[in-house]
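Read the structure below first, then the notes.
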């Protein structure tokens, strides 16, 4: 009986930990995109400023699908290149997590009002070893966030 209870507790913990909820993202101060967002978008500019002034910095961006599946982008700057890890977790499909890593040379902020009247600003990683997540407008670029009007 104790083994069954222990197994059930482990399963509950595993299921609960696999989902990165909107409340947890808010509590952690993450940049959020999707239902419930945008939140904390000022942290994108702070991260960019840290890179420009060669200050070590980290940033987490969480976007949610309409079904609530989280996509998590972790960025880390240690003084040379930007380390970018992109994780997706399908809660309502395969229930699998996929994770990819790459390194990029720079974070660019593009004012794209001339390209699309609905877009105000895009944040792009450039000079990436490989493209993971969303492709940017040019080869070797990754789109990490879009601010709409």
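The values are calculated or read from the model by the stated rules, or taken from the named source; none is laboratory data. Note that the structure is a prediction, hence the values are computed from the model and not measured. Note: ideal-geometry Cβ built from the backbone for every residue, glycine included; neighbour counts use all protein chains shown.
Screening the candidates 107, 143, 125 for the property of being at pLDDT 90 or above and surrounded by fewer than 17 Cβ atoms within 10 Å (Cβ to Cβ) yields one hit, 143. Of all residues in segment 34-67, which are in contact (Cβ under 8 Å) with a residue 60 or more places away in the chain and farther than 16 Å from residue 148 by Cβ? Across segment 34-67, the qualifying residues are 45, 47, 48. Please enumerate the residues belonging to segment 43-76 that are modelled with pLDDT under 95 and either more than 14 Å from the chain's Cα centre (by Cα) or surrounded by fewer than 14 Cβ atoms within 10 Å (Cβ to Cβ) (or both). Across segment 43-76, the qualifying residues are 66, 67, 68. Within segment 82-103, does at least one residue satisfy the condition of being surrounded by 13 or more Cβ atoms within 10 Å (Cβ to Cβ), at pLDDT 95 or above and farther than 29 Å from residue 19 by Cβ? Within segment 82-103 (the criterion being surrounded by 13 or more Cβ atoms within 10 Å (Cβ to Cβ), at pLDDT 95 or above and farther than 29 Å from residue 19 by Cβ), the answer is no, since none of the residues qualifies. If you scan segment 68-78, which residues turn out to be without any contact (Cβ under 8 Å) to a residue 60 or more places away in the chain and over 20 Å from residue 109 (Cβ atoms)? Across segment 68-78, the qualifying residues are 68, 69, 70, 72, 78. Tell me whether segment 41-58 contains one or more residues that are under 19 Å from residue 88 (Cβ atoms) and touching a helix residue (DSSP H, G or I) at 6+ places or on another chain (Cβ under 9 Å). No: zero hits. Among the residues making up segment 19-33, a single one is more than 11 Å from residue 70 (Cβ to Cβ), surrounded by 15 or more Cβ atoms within 10 Å (Cβ to Cβ) and free of Cβ contacts under 8 Å to residues at least 40 places away in the same chain: 26.
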